[in-house]
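Read the structure below first, then the notes.
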């Protein structure tokens, strides 16, 4: 018996798997037709305040743009940005899709935090064992539906708050090639700078444009005496911006005051203005 | 993937898919030349691998529901969605009391979606009222494991 290869056997694939996968991408592209810019907020390192920066960008931009701002919390296992923006469920399902939650400044938000029980981990219905085999595909499927099944409506910008790691923006671009670019978030430390540089390189290799760098926790103001000093040694934000030839969009200080949750400090305002300039 | 009838040297056609509810699935293919039929039987791990892609071998039988993959695969909270199950005007099937009672036992996270799926199944077949018997038939026809 002589075997033939897949491509030697004539006729369309009757399993229709490839057709379905292409249809999934089309669904995302069609849904995002009404969104002018899709921007990833990324960092290779956890704990740098990426979600805080994403919320600051969303909150500030929403006050300045015409159509509105949306946020996809793509950090499925550790979703935080929806709480920062005070987004609440339930999500309303219509024949056109799922309506996003409406947060402060009328920001439209979808997040796993709105779907799973409070203080519980993300858990999948699956057979016992070997979950590492399909977990990545499941998470990609969830992100795909957050983009393609949510009735975003007309937006000036849709921010994607990616989980820590090097591959997020690249995976997003594979799903939605029209992404406008990514903003990289770091803290001042050398360690963070190294980690974020890896993520930026992976993203550039995946065809994602780097729009700029944000240095978060860039110094701290003493609540008692008002003096300002460094929180971490280093200047990773400046160094990354120079290394990759992109603007340093802003330096956000660490704040202890509760009002920080509304993202209205002068540094945040300056960050948003530069971000919108870069997007224009 | 393609299935080749070696005897006829022709690609076999997809004919039927079943998901009996034990985590496995079966897909049947037949040869257009000699009529020979084979079945692909996948174990739970293989079924999960395909399911993780959000696709169905042989293609979809019903329109994709909003957030269908998330609602089918994530352990979510009961009140995450406000979903009336796609209440539609004129000609949309009604629900018998027994069917409504049975639907009420479905977890809230997926209940509205399940209601939409049964509604579309019945509507496409010209069924005016959804009863437990219709739900049973739909489960078999559509492979609605756990619904």
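Nothing in this text is a laboratory measurement; each read-out follows from the coordinates by a stated rule. Keep in mind the model is a prediction, meaning the values are calculated, not measured. Virtual Cβ from ideal backbone geometry, glycine too; neighbours counted across all protein chains shown.
Quick rundown of the values:
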item	result
Some residue of the stretch A:30-47 being within 14 Å of another protein chain (Cβ to nearest Cβ) and either surrounded by 15 or more Cβ atoms within 10 Å (Cβ to Cβ) or over 30 Å from residue A:241 (Cβ atoms) (or both)	yes
Meets criteria (in a helix (DSSP H, G or I), within 14 Å of chain B (Cβ to nearest Cβ) and touching a helix residue (DSSP H, G or I) at 6+ places or on another chain (Cβ under 6 Å)) for residue A:193	no
Single match in A:14, A:27 (criterion: buried (at least 18 other Cβ atoms within 10 Å of the Cβ) and over 19 Å from residue A:264 (Cβ atoms))	A:14
Test: residue in the stretch A:212-227 that is surrounded by fewer than 19 Cβ atoms within 10 Å (Cβ to Cβ), closer than 26 Å to residue A:106 by Cβ and in contact with a strand residue (DSSP E or B) (Cβ under 8 Å, 6 or more places away or on another chain)	no
Yes/no for residue A:10 being within 14 Å of another protein chain (Cβ to nearest Cβ) and over 23 Å from residue B:54 (Cα atoms)	yes
